[in-house]
Amino acid sequence: MPRISAGSLQEHRADLRRRVFDAFAALMGERSYDAVTMAAIAERAGIGRTTIYHHFPDKAAVVVAFASDETERYVARLTEVLGATDDPVERLRTYVRHHLAADEEFHLGLGPRLFAMLSDEARREIRSHVVAVEDVLRSILLDGDASGRMLVDDVETTLPLVHACLGPRHLPARTIETFVLRAVGAAG
């Protein structure tokens, strides 16, 4: 019987998952995906090599679970900060600011090279969680257009365009924010 390192089995599992995710993120910051092994993740997480396989069958499962966890935490925090206003322009401004600032806390965007290395099934699982972030932006854009505060001709085309604008980290955040707001006719 494995040793429980928390007050309950549920807490133990949550702690173990967090340690595995932290280890995975740290290792991905140091080396390529190919160079990250399950043994290295287990060692960095402070668990046995066989223990990790009781929770994750392979490295792809770690990536999917990690991405899912990151997205769930991101959306929860985003929903919280967006709750401060009903104004769609302010919500879009908050969305942009939050996304740009969250890069420090969240490891969103595992990168196209890593994403391409995953199986179709793993990519679909990760994509299903990304849709939750898109749904938040979609709601803001639809509300802005319906209220007349924004001009959004095609929401499904505007979504990836806005997200593309949020990618460059070398540009000033204020410039990106202003550009996105102007792009949907919400400058101000």
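Numbers at a glance
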quantity	calculated
Accessible area in square angstrom per residue, segment 110-188, 1.4 angstrom probe	60 Å²
Order by protection proxy (mean Cβ within 10 Å, highest first), peptides 161-172, 67-78	67-78, 161-172
Estimated vicinal HN-Hα couplings, Hz - segment 136-150 in sequence order (Karplus 6.51, -1.76, 1.60; Gly, Pro = x)	5, 5, 4, 4, 4, 5, 5, 5, x, 5, 5, 7, x, 7, 9
Cα long-axis angle, helix 9-30 against the chain (0 to 90 degrees, to the nearest 10)	70 degrees
In degrees, nearest ten, helix 88-102 long axis to first principal axis of the chain (Cα)	30 degrees
Stretch gain in nm, segment Ala14-Val131, where the contour uses 0.36 nm per residue and the Cα spacing is subtracted	39.7 nm
³J(HN,Hα), Karplus 6.51/-1.76/1.60, whole Hz, each residue of segment 163-169, x for Gly, Pro	5, 5, 5, 7, x, x, 8
Label selected from [x] 8, 31, 30, 19, 10, 2, 0; [y] 9, 38, 36, 14, 2, 0; [z] 11, 42, 39, 9, 0, the criterion being P(r) over Cα pairs in 10 Å bins from 0, in percent as computed here	[x]
Positive-end extreme of charge dipole, the chain - chosen from Leu166, Ile126, Leu114 (charges on Cβ)	Leu114
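The values are calculated or read from the model by the stated rules, or taken from the named source; none is laboratory data. No experiment lies behind these values; they were computed from the predicted model shown. Backbone-built Cβ (ideal geometry, glycine too); neighbour counts: all protein chains shown. These accessible areas exclude ligands, DNA and RNA; they are computed on the full protein's heavy atoms, side chains included. Shrake-Rupley method; radii C 1.70, N 1.55, O 1.52, S 1.80 Å.
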